[in-house]
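Have a look at the structure below before the remarks.
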Amino acid sequence: RAVERTEWLVHYQPIISLADGTPVGAEALVRWLHPQRGVLPPKEFIDVAEETGLIVPLSEWAVREAARQARIWQQNFGFADSIAVNLPSRLFERSDLVENIHKAVMAYDVPHKAIQLEITENNLMKDLHNVSLSLHRLNEIGVEISIDDFGTGYSSLAYLTTLPISELKIDRSFVRDLGITPQSSAVVSAIIALARSLGLRVIAEGVENLRQMEVLHRLGCVLMQGFLFSKALPPDDLETWLQQTVLPRKAPWIGAVSEMDANAPRVLGRGT
Ligand code: G
Ligand code: MN
């Protein structure tokens, strides 16, 4: 019924570049606007959506909604970055996957790169043949692919050399222990080195405090998202956050970024 009535909302979590302390995109995260229970997070409905196959229309709607939002931000703020949408493996069973994504960006007259797709390692591996075909076609039309929760799945590094991937997202479980256990910074710096030598962008997920931010910066990671900066917010609230926090440069993390810039030697690959 929620699918029929489109009882969905998308909240957006900004992705920050420490190069200048400004957002360089956002991740779209779907919420269910339940008629009785209010706004429900994905953990309350994603499993059922996957089991029933309703994840397919839901995700297709999320892509269209992200394209619509990209258009609004483009008109209002000259937004020229990407909105990342999570792509479940069920979508790769659809022969019209690429066509649907193409239609969504055309419908709102945004460039294909306005939409970026996140896929987990496990989902990548479930149906590698179909996934590989679709990813190559998406890449040809300019939709970039990002590996979500990198380092936690069934890790065949072989796919990194054959699939058209643009970005790795370091799983929040590694970020959580940064500055606490030496093992976590060892793993994170290996992921950063891997990304760099493959020419991929690298994003840290789940950054919650300045300690984690500073360690990541020292290890050479400049793109991050997490509660330190902002949780996922409705588009209006995100605009308020931009106007009241980021632009007037009023947040502890913004001060820390400027300080690190003054003190730290430039790390290779920063700003990329
Ligand atoms: O793995 P993926 O990026 O798709 O997961 C997104 C989820 O992570 C969302 O449910 C979001 O609310 C949550 N999240 C976002 N930032 C943080 C954070 O800094 N810490 C934690 N614990 N969860 C976060
Ligand atoms: Mn994600």
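Just a few scattered comments:
- A26 satisfies every condition listed in (1) at pLDDT 95 or above; (2) more than 16 Å from ligand 2 (Cβ to nearest atom); (3) within 30 Å of N209 (Cα to Cα) except (2).
- In the stretch 166-176, the condition of being at pLDDT 95 or above, away from ligand 1 (no atom under 13 Å from the Cβ), within 23 Å of E118 (Cα to Cα) and not aromatic (F, W, Y) is met by at least one residue.
- Considered as a group, the residues in the stretch 198-235 that are over 15 Å from the mean Cα position of the chain (by Cα) and of a type in the set (D, E, K, R) include one that is nearest to ligand 2 (Cβ to nearest atom), and that residue is E208.
- The stretch 218-255 - residue that is within 16 Å of ligand 1 (Cβ to nearest atom) and among the small types (G, A, S) and, of those, modelled with the lowest pLDDT: A251
- G78 meets the conditions (1) within 16 Å of ligand 2 (Cβ to nearest atom); (2) at pLDDT below 95 in every case but one. The failed one is (1).
- Qualifying residue in the stretch 136-146 (condition: within 13 Å of ligand 2 (Cβ to nearest atom) and of a type outside the set (A, V, I, L, M)): yes
- Subset tally (residues that are within 22 Å of H11 (Cα to Cα) and surrounded by fewer than 18 Cβ atoms within 10 Å (Cβ to Cβ)) for the stretch 107-131: 4
- When restricted to residues that are more than 16 Å from ligand 1 (Cβ to nearest atom), open to solvent by 10 Å² or more (accessible area, probe 1.4 Å) and touching a helix residue (DSSP H, G or I) at 6+ places or on another chain (Cβ under 7 Å), the stretch 192-207 contains 1.
- Cross-chain or 6+ apart pairs with Cβ under 8 Å, the stretch 130-157 first and more than 23 Å from M224 (Cα to Cα), then away from ligand 1 (no atom under 16 Å from the Cβ) and open to solvent by 70 Å² or more (accessible area, probe 1.4 Å): N130/E93; S132/T162
- Elements of type helices (runs of 4 or more DSSP H) contained in the stretch 154-257, each with 2 or more residues being closer than 30 Å to L138 by Cα: 158-162, 172-176, 182-198, 235-241
- Residue that is modelled with pLDDT of 95 or more, within 16 Å of ligand 1 (Cβ to nearest atom), outside any loop (DSSP other than H, G, I, E, B) and over 23 Å from L157 (Cα atoms), where the choices are I72, I83: I83
- Apart from one condition, D149 fits all of (1) more than 16 Å from ligand 2 (Cβ to nearest atom); (2) closer than 22 Å to P88 by Cβ; the exception is (1).
The values are calculated or read from the model by the stated rules, or taken from the named source; none is laboratory data. Quick caveat, the model's predicted, so the values are computed rather than measured. Cβ atoms come from the backbone with ideal geometry, glycine included; neighbour counts cover every protein chain shown. Heavy atoms of the whole protein, side chains included, go into the accessibility calculation; ligands, DNA and RNA do not. Shrake-Rupley method; radii C 1.70, N 1.55, O 1.52, S 1.80 Å.
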